[in-house]
Amino acid sequence: MDKPILLIGLGISACALIIAYNAGLATQNISHAQRINELNYEIKKRDEIITQKEQDIQNHKSFIRRKDTAARRFVDEYFKGEKK
């Protein structure tokens, strides 16, 4: 009579162990998914910063080109009379 009770106890313990193991895996998967989401957010934020900095560089290059063109026109006009 002790053997069936012992077997039932072992079966319940085995089921509890399997359930606990799966719960641990699920918890670990959730924490990994959260970390992946955090890292993806950081990557997206850095990409946005890089894109903004690239746009700032292009804007600055355009500004320099406009100033250079204006300076060349001014010099051409200023020294126009001296060429003759």
Among the listed residues ILE43, ILE18, identify the single one that is over 26 Å from the mean Cα position of the chain (by Cα) and of a type in the set (Val, Ile, Thr). ILE18
Among (1) open to solvent by 100 Å² or more (accessible area, probe 1.4 Å); (2) at pLDDT 95 or above, ASP56 falls short only on (1)
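The values are calculated or read from the model by the stated rules, or taken from the named source; none is laboratory data. Predicted model only: the values in this text are computed from it and were never measured. Keep in mind that these areas ignore ligands, DNA and RNA; they rest on the heavy atoms of the full protein, side chains included. Shrake-Rupley method; radii C 1.70, N 1.55, O 1.52, S 1.80 Å.
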